[in-house]
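The structure appears right after this line, and notes come after that.
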């Protein structure tokens, strides 16, 4: 305004520049202090002035949380296999503990967390599909195979592999993205290859499931002891022995294939 009163273009330009600097200085010296986020939380009643300042999150804490989260999903898989055939035994708990301790190198505190998860899931099992997917996404193929291997140890520690256990293992293997060949290879490690059993049914290991069932039915019917009852005790005894061999062979192949 002073430049317009004096007149002349240079006076207007010069005094406009000086006025801008003076206004900027005035704004800076009289500006309101920036709001403090902590003060805003105090005003909202979310924190108190007496509360200690929050501690920074360390990488160690992040890793511990991730380990705990992963252990939860692993425990869900172990509990599914352990409980599917009835009560969970002490030997089954031992297999689980050794996996976390020897393979995953969990310390005493982390093992206590595992124990709490196992106890919790015995009462209320979590959604299995979610845990399978988490293990599939977080584990490389070699570790997934190791996990399935341990699940087989768990299933067999209390006796023969039951049908319910086979179904649970098949579901987990499939959900982990492993192949049926992977499952059969691990099964053969614990139950054998079954070559002798296939030979007793007149088959080779490459036979289809339908061929296995058909061969067993035909042979079992042909060698049933009742068919030779009229030939005397000796014939019945021999047929009974052969019939039992066929049954044992078929049962072994069923376990190997999860039929």
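Coordinate-derived values only; no laboratory data. The structure displayed is predicted, hence computed values, not measured ones. Note: ideal-geometry Cβ built from the backbone for every residue, glycine included; neighbour counts use all protein chains shown.
Worth pointing out:
- Of the residues 135, 75, the one with the fewest other Cβ atoms within 10 Å heads the list, and the complete ranking is 135, 75.
- Per-residue Cβ neighbour counts within 10 Å put 196, 113, 240, 150 in the sequence 196, 240, 113, 150, beginning with the fewest.
- A full extension of the chain between residue 174 and residue 244 corresponds to an added length of 21.9 nm, given 0.36 nm per residue minus the alpha carbon distance.
- Ranking of 253, 186 by count of other Cβ atoms within 10 Å, fewest first: 186, 253
- Pair residue 101, residue 83: separation of 7 Å Cα→Cβ label points (nm): 2.4
- Each listed q (0.18, 0.22 Å⁻¹) maps to a log10 I(q)/I(0) for segment 195-257 from the Debye sum over equal C-alpha point scatterers, namely -0.61, -0.81.
- Overall form of segment 61-155 per C-alpha gyration tensor (a/c, 1.5; a/b vs b/c): rounded
- Global form of segment 100-174, assessed from the alpha-carbon gyration tensor, a/c cut-off 1.5: rounded
- Whether segment 120-224 is rounded, prolate or oblate, judged on the alpha carbon gyration tensor where a/c under 1.5 counts as rounded: prolate
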